[in-house]
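Q: Okay, here's the structure, questions in a sec.
Values in this text are rule-based calculations from the coordinates and carry no lab data. Keep in mind it's a predicted model, so treat the numbers as computed, not measured.
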């Protein structure tokens, strides 16, 4: 079993979903591996990962709407607000979603469905540079 690790640096422009599928596919090519799994891991507590519809951006817009309705910023009971009104809400959104995904690959291709893309989901209003660790294991 061979291993290959690569860290992505993703610059965000504030809240939203940023597709990273292409970077994952490129790193798989760099790895030289043919079959196995890739663990995609986000090293932050105020953003997350999601595998989501990648053909119609309104699906992601509806997801953003739903999450903002589920976790509103105007709750006066939040105490962790040192970095602004999106501070605690970004941590809650991260906790409700995922910080890692494991995706199989076969014949040097990630096994995502026809309409699936992998996204970094930035929950903060301000721009950030986010680190995503890709860990490939396989042959």
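Q: For the chain, take the longest principal axis of its alpha carbons; what is the angle in degrees between that and the long axis of helix 57-70, to the nearest 10 within 0 to 90?
A: 40
Q: Can you tell me which of 117, 36, 84 moves the most in a GNM of the chain? Springs connect C-alpha atoms under 10 Å apart.
A: Most flexible of the set in this elastic network: 84.
Q: Compute the acute angle (0 to 90°) between the alpha-carbon long axis of helix 21-31 and the principal axis of greatest extent of the alpha-carbon atoms of the chain; round to the nearest 10°.
A: 40
Q: Which value results for Rg/Rh of the range 2-138 when Rg is the Cα radius of gyration and Rh the Kirkwood radius based on the inverse mean 1/r? Present the calculation step by step, with values, prior to reporting the outcome.
A: Values: Rg = 15.9 Å, Rh = 15.7 Å.
Rg divided by Rh gives 1.01.
Q: Let me ask something additional. Using the alpha-carbon centroid of each, what span in Å lies between the range 39-77 and the range 93-115?
A: 16
Q: With only alpha-carbon atoms in the gyration tensor, what are the semi-axes of the equivalent ellipsoid for the range 44-100, in Å, largest first? Display every interim value, and only then the final one.
A: On the way: eigenvalues 105, 37, 12 Å².
After scaling each eigenvalue by five and taking roots: 23, 14, 8 Å.
Q: Using Cα pairs closer than 8 Å and at least 6 residues apart in sequence, work out the relative contact order for the chain, in percent. List each step's numbers first, then the result.
A: Values: 274 pairs, mean separation 77.9, N = 139.
Dividing the mean separation by the residue count of the chain yields 56 percent.
Q: Roughly what angle does helix 87-96 make with the longest principal axis of the chain, taking Cα atoms, 0 to 90 degrees, to the nearest 10?
A: The angle comes out near 50 degrees.
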